[in-house]
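Below: the structure, in structure tokens.
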Amino acid sequence: MGDMWTIKAALDWTVGYLERKGDENPRLSAEWLLSEACDMSRIQLYVSFDRPLSLEERDILRGYVTRRGKGEPLQYITGYAAFRHIQVKVRPGVLIPRPETEVLVSEALSLLPAAHRRVALDSTIDAWEGDALIAAEAAAAEAAQDGSGDASETLKRSQQAISAYLDAQQDQGNGESGERPDGSAVAKPRPLLVADICTGSGCIACSVAYERPDTRVIATDIAPEAVALAKDNARELGLSDRVRIEQGDLGSPVPAAAMGRLDLVVSNPPYVPTAVLAEIPREVADFEPALALDGGADGNDILRRLLPWTAAALRPGGGFAFELHETCLDAAAELARLAGFHQVRIVDDLAGRPRVLTGVKPV
């Protein structure tokens, strides 16, 4: 490029460079990177073609374009991705949220009971398992520190607190009424309990909590980098009081006292058949974690482990929604029926490909 780096000149140069590097949509990539480098919206770019770039903006853009030319995903370069009604941070080593996963969230939300009208005595809790658990864990930790308790006592007190909390919420959900300070009756709906398994960036858990304020979500992932990112996203979105993220294999971090009481289990597990991994785009294969993609020979390895746990975790009438590979849905639906689920459905993604499996635990 010449000495005069205007917005228009920078955009044209970036488009040409990315075309030569084989970018599938070089203009969109160029607009995105230039918007980030100049801290402008894409619309602002087009009404500011004559504005020169500062030296700092030029250096930032060069760095971005070099990374994109090597195939690095735009979201990793900019550090965020838009997802439904929220924006989440993304980092290398954690799967980038996909548009088809927005369909998964839609189907998951549709499985929840209709939202309750907010009421004066609606439960106020600091985490999905309630203030009681926090207090119990603090007391147990204090006891362990002064030598009067141990890890098993911590677990025992935590489980007792969770059980007591869930029992109380179940009573509220069974039609019992509370009382306002003026003596008038008011319903006290229980929060809905949700587990998001293989949470990755936390985009699913955070979307469910954001769109349904009456939910309390526990999200799990086996990868520590995913857990750290999901916690950051929940905190950034102001959802840490209703989204709890734990590290562990599939549903293992979900407290035993919550089993059989969940209203919804949602998951975007590793589901790409191993043979298909060799055919996926370079910017996925070279940059995104194989652990979050590989679903075994037929793509359903994780599903086979997840279905029995889901059957045990859901309350009667609770539902699940799982995102799976387009070639695996028919076999997955049969596995769900064999696991005892009813109302098993296959839902297409935005491109018309089979993508989401849902089902309901019999009452």
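The values are calculated or read from the model by the stated rules, or taken from the named source; none is laboratory data. All values reported here derive from a predicted model rather than from experimental measurement. Backbone-built Cβ (ideal geometry, glycine too); neighbour counts: all protein chains shown. Just so you know, the surface numbers come from the protein's heavy atoms only, side chains and all, with ligands and any DNA or RNA stripped out. Shrake-Rupley method; radii C 1.70, N 1.55, O 1.52, S 1.80 Å.
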> Quick one: net charge of E56's neighbours, Cβ under 15 Å, K/R +1, D/E -1?
Replying inline: -1
> Using a 1.4 angstrom probe with every protein chain in place, what is the largest-first accessible-area order of R84, R190?
Replying inline: R84, R190
>> I need to check one value: relative contact order of region 8-53, counting alpha carbon pairs closer than 8 Å and at least 6 residues apart, in percent.
In response: 35 percent
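At 0.36 nm per residue, and after removing the present C-alpha to C-alpha distance, how many nm does the segment from R67 to E236 gain when stretched out fully? Walk me through the numbers on the way to the answer.
Details: separation 169, 0.36 × 169 = 60.84 nm, distance 2.64 nm.
So the chain would gain 58.2 nm between R67 and E236.
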> Roughly what would the spin-label model give for A82 and S110, points 7 Å off Cα along C-beta, in nm?
Replying inline: 2.4 nm
>> Could you derive backbone 3J(HN,Hα) for region 30-47 from the dihedral phi with the Karplus parameters 6.51, -1.76 and 1.60 (θ = phi - 60°), listing whole Hz in sequence and x where the residue is Gly or Pro?
In response: 4, 4, 4, 5, 5, 4, 5, 5, 9, 6, 10, 6, 5, 5, 4, 4, 6, 9
> To the nearest Å, what is the center-to-center distance of region 343-361 and region 1-71, using C-alpha atoms only?
Replying inline: 39 Å
> Accessible area of W13, 1.4 Å probe, to the nearest 10 Å²?
Replying inline: 80 Å²
> Using modelled amide H (1.01 Å from N, peptide plane; none on Pro or chain starts), what sits under 5 Å from the amide H of F83, excluding residues fewer than 5 places away?
Replying inline: V88
> Between D39 and I346, what is the FRET efficiency for a Förster distance of 45 Å, r being their Cβ-Cβ separation, to the nearest 0.05?
Replying inline: 0.55
> Cα gyration tensor of region 188-274, axes a ≥ b ≥ c as square roots of the eigenvalues: rounded (a/c below 1.5), prolate (a/b > b/c) or oblate?
Replying inline: oblate
> Given H placed on each backbone N at 1.01 Å, which residues far from R261 in sequence or on other chains put an amide H within less than 5 Å of it?
Replying inline: R315
>> Using 0.36 nm times the number of residues separating E24 and A256, minus their current alpha carbon distance, what extension gain do you get?
In response: 78.8 nm
> How many angstrom separate the Cα center of region 189-226 from the Cα center of region 80-99?
Replying inline: 14 Å
> In square nanometres, what is one fourth of the surface area of the convex hull spanned by the alpha carbons of region 26-79?
Replying inline: 3.6 nm²
